[in-house]
Structures are given as structure tokens and as C-alpha cells.
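Undergrad: Can you keep this structure in mind? I'll have questions shortly.
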Amino acid sequence: MRTRTPLTALLTVEMLLVVAVGVVIAGDDEPALTGDLARLQGQWSALLGPQKNIPMVVTIKGRSATLSITRPDGQEITSKGEIRVDEKAAPFKTLDWIKFATPDGGSAPENLGIYRLDGDSLTLCNGGPGNPRPASFQAGTAGPPQMMVLSRKTEANTTSATATAKATAGDFAKLQGRWSAKAGPQKNTSVVLTIKDKTAVLVVTRPDGQIRETKGEVKIDENAKPHKTLDWINFTTPNGQTAPESLAVYTLDGNTLTICSGGPGNPRPAEFKAGEQGQPSLIVLSRE
């Protein structure tokens, strides 16, 4: 049985949000803001991603908005454009993100959305750039539409959001998702590792098509010396028994994850080097 693909990769979040939301100061000759557009003015914030460790801040001033997200690796991404609001639309009020730019500087397609505004809570459902407007407040299973619930930004919730993001940041957050590699002397064995929270699912597809899936947990220590450590725990043997822990060391460089495992019940490797008889094992995975 194959594992399910994780719902939202960090890259998907960025691409959806880069064109989602900017700042153009309204001129003095523009009419006074009324209705929901007036109530939307200011800053709104949310925590995104499976681990809720990606802070997002939307600043609306006049009809323009600035979106800023901070990835777990500390990189900040900002995009600018405008919003178009129709609070009289039926069956749902509409909010469209327009005049945004793509990462290469081109004009992004409009991102059509619907919204609900309840005091200091703003619920958005966006179809995604160039896609139809959502017909309901429901997120897609593997991409758009995208649901977000934002809170009006105050000093109190900003402090809380920052604390939560820091608590779930680091390598643990960066390891979340799906990783793959080709293993074996002929590089004809497919290995797929999916990490969600502490749960790890490993699927190995042999050259003859036989598939083997194992499930357990990972325990990491990114402050360990001389190498960061990653331990495979609570896995089971083919006959259903609890397998001994497999101690490993790892390096994480962007979308490349290198793991050297000692094997069940064996000592932790002292270096990143595969053994001549298979243990320790060395594998280099790429983020899918």
C-alpha cells in the first residue's frame, strides 16, 4: 500500500500566497471607505502550514494589500497588489486579489475568492490564480481552493503567534513532507519517506515491483555534536514485532536530506559513510 501524498508542500503555500494578497497608499482624492472595505483596513495575521509555523501578515490600506510570510528557514517573502471586494455578491461575499506579480515579475492572473468577516475574524477561500471562484468554504485536498482564517493583528496575538512559530520551527518543521531517493547499486530501488508530525512512513519499491511499507516515528536532535541525530523508533518487524531502534546521523541542506543509519540495534554511525556489508546505510533524499 502506498502512502498518501502530504497535503500542502511549503512551495505550494508560497506560490498560492505570493499572488494572493500589497500596498498602494490611497490618494487624497479617493472617496471615503465604507462597509466591509472599511472594516478590512489594518493588519491581519495567521499561522500556516501543517505545523502552523509559517507566520503570515496581510496589511490592507485603501484597496491595496501587502502580504508577508516567513518560512521556517527564516526567509521572508513579500508580495503586493490590490483587493476587489463585493459585499453584496450572492450567495457569498467576494474578495479578489488583483494586480499582483509573479515571482519573475510578470502579471499574475487574478485570484478569485469568497470571504466572511465576523468582527476580528476573516475567513478567506481562494480559488488560486487563474482558477474559478470557489463555490463553498472548503479547501481542496491537494491544492486550491485554499482556506485561511485570519485574526486582526494586535500586540497580544502577534506575541502569541511569534512564540508558537518559534516553538515549532527548526529542522523538525523543515523535515515535514515527502522525500524520495533511488537506492541500491543500480539505483533501481525506489524509496519514499513521508514525515508528518513525528510519524514516519517508509515505502520501498524493489526492481521486481514488490512494495514494502513500514511505519514508525522519528526523533531528532539538531543540537547534537559532532553530527545532528535522527533515530527511527517504534517501527515493527515484518512479523509484527517491535523493532529495535535504529540510530542515525543526518544533514539537511535545503531540499536535500542525507541520512546515515546504523541499522536496528546497532551503534550510531560516527561519520557519513556506508558500510561494505550494508550497515551503516547511507541515503540521500530529495524533497518532492
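Undergrad: Please work out which residue is farthest from Ser107 (Cα to Cα), limiting yourself to segment 35-88 and to residues that are out of contact with any strand residue (DSSP E or B) (no Cβ under 9 Å at 6 or more places or on another chain) and buried (at least 16 other Cβ atoms within 10 Å of the Cβ).
TA: Among them, the one singled out is Gln51.
Undergrad: Let me confirm something: among Leu202, Leu230, Leu247, which residue is at pLDDT below 95, assigned by TED's automatic domain parsing to the domain that holds Gly184 and not in a loop (DSSP other than H, G, I, E, B)?
TA: Values: Leu230 fails: at pLDDT below 95; Leu247 fails: at pLDDT below 95.
Just one listed residue meets the conditions, Leu202.
Undergrad: Considering each of Gly278, Gly263 in turn, give the residue that is closer than 23 Å to Arg212 by Cβ, loosely packed, with under 15 Cβ neighbours inside 10 Å and small (Gly, Ala, Ser).
TA: On the way: Gly263 fails: loosely packed, with under 15 Cβ neighbours inside 10 Å.
The unique qualifying residue is Gly278.
Undergrad: Cβ contacts < 6 Å: first residue assigned by TED's automatic domain parsing to the domain that holds Tyr250, restricted to segment 213-226; second residue among the charged types (D, E, K, R) and assigned to a loop (DSSP other than H, G, I, E, B), any location; separation 6+ or different chain. Result?
TA: Going by the 6 Å Cβ cut-off, the qualifying pairs are Glu217/Lys198.
Undergrad: Being at pLDDT 90 or above and either exposed (fewer than 14 other Cβ atoms within 10 Å of the Cβ) or outside any strand (DSSP E or B) (or both) is the filter here, so list the residues in segment 233-242 that pass it.
TA: The initial filter retains those residues of segment 233-242 that are at pLDDT 90 or above, namely 233-235.
Across segment 233-242, the qualifying residues are Asn234, Phe235.
Per-residue answers, yes or no, for (1) in contact with a Pro (Cβ under 9 Å, 6 or more places away or on another chain); (2) part of a loop (DSSP other than H, G, I, E, B); (3) in the same structural domain as Ser121 (by TED's automatic domain parsing); (4) of a type in the set (D, E, K, R):
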position: Leu47; (1), (2), (3), (4): yes, no, yes, no
position: Pro55; (1), (2), (3), (4): no, no, yes, no
position: Val58; (1), (2), (3), (4): no, no, yes, no
position: Ser68; (1), (2), (3), (4): yes, no, yes, no
position: Gly74; (1), (2), (3), (4): no, yes, yes, no
position: Thr78; (1), (2), (3), (4): no, no, yes, no
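Undergrad: Also: Among the residues that make up segment 216-225, is at least one of them among the β-branched types (Val, Ile, Thr), more than 25 Å from the chain's Cα centre (by Cα) and assigned to a strand (DSSP E or B)?
TA: No, segment 216-225 has no match at all.
Undergrad: Considering only segment 55-69, state which residues are under 20 Å from Met147 (Cβ atoms) and either within 22 Å of the chain's Cα centre (by Cα) or small (Gly, Ala, Ser) (or both). Don't jump to the end; show me each part of the working.
TA: First pass over segment 55-69, keeping only residues under 20 Å from Met147 (Cβ atoms): 55-58, 60, 65, 67-69.
Of everything in segment 55-69, those that are under 20 Å from Met147 (Cβ atoms) and either within 22 Å of the chain's Cα centre (by Cα) or small (Gly, Ala, Ser) (or both) turn out to be Pro55, Met56, Val57, Val58, Ala65, Leu67, Ser68, Ile69.
The values are calculated or read from the model by the stated rules, or taken from the named source; none is laboratory data. This structure is a prediction, so every number in the text was calculated from the model and none was measured. Ideal geometry is used to build each Cβ from the backbone, glycine not excepted, and the neighbour counts take in all protein chains shown.
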